[in-house]
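Only one structure is covered here, and it is reproduced in the block below.
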Amino acid sequence: MKILRTIAAAAVAALLLTGGPALADEKFLGTVTKITLLGDKAATVVLQAEDGKTIELLVDDQITLEKFKDRRISPGDEIKAKYEVVGGKKHATYFKKPAGC
């Protein structure tokens, strides 16, 4: 029984130690190329970096959605974004102009 507890404790410790970096937000700096509003609750935004890499993010915070609606953030704007992958989709956790907005 002690062996099983030791193995279980080691497995939990291994998950905690290796799980940290997977939960960290990824960062992206790019230019907005497309904004698609998905009703009042969310939007998808395509960002393109200087090297040509593109990313599509799901944005669902109300403050940013209002900025899309009143065009304070629009295609052509440079954006600093952070995101996490949830269920295979990239959810924005931070989405702002580098100088603020």
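Read the figures in this text as sums done on the coordinates, not as results from a lab. Owing to the predicted nature of the structure, the values given are computational and were not obtained by experimental measurement. No Cβ is skipped: glycine too gets one built from the backbone with ideal geometry, and neighbour counts run over all protein chains shown.
Computed from the Cβ-Cβ distance with R0 of 22 Å, the FRET efficiency linking A42 to V86 stands at 0.95.
Roughly what would the spin-label model give for D51 and E66, points 7 Å off Cα along C-beta, in nm? Between D51 and E66, the simple spin-label model gives 3.6 nm.
Give me the orientation-averaged projected area of the Cα convex hull of region 25-96, in nm², one decimal. Each step should come with its number before you reach the end.
Details: hull surface 17.4 nm².
For region 25-96, averaging the hull's shadow over all directions gives 4.3 nm².
Give me the net charge for the shell around H91: Cβ to Cβ below 12 angstrom, other residues only, Lys and Arg +1, Asp and Glu -1. Once positives and negatives cancel, what remains is -3. By other beta-carbon atoms within 10 Å, ranking F95, F68, F28 with the fewest at the front produces F68, F28, F95.
Fewest neighbouring Cβ atoms within 10 Å first, the residues L58, L38, L47 line up as L38, L58, L47.
Between K96 and D25, residue separation times 0.36 nm minus the direct Cα-Cα distance comes to 24.1 nm. Cβ crowding within 10 Å ranks V85, V32, V46, V59 as V85, V46, V32, V59, fewest other Cβ atoms first. Based on Cα contacts under 8 Å between residues 6+ apart, region 18-101 shows a relative contact order of 30 percent.
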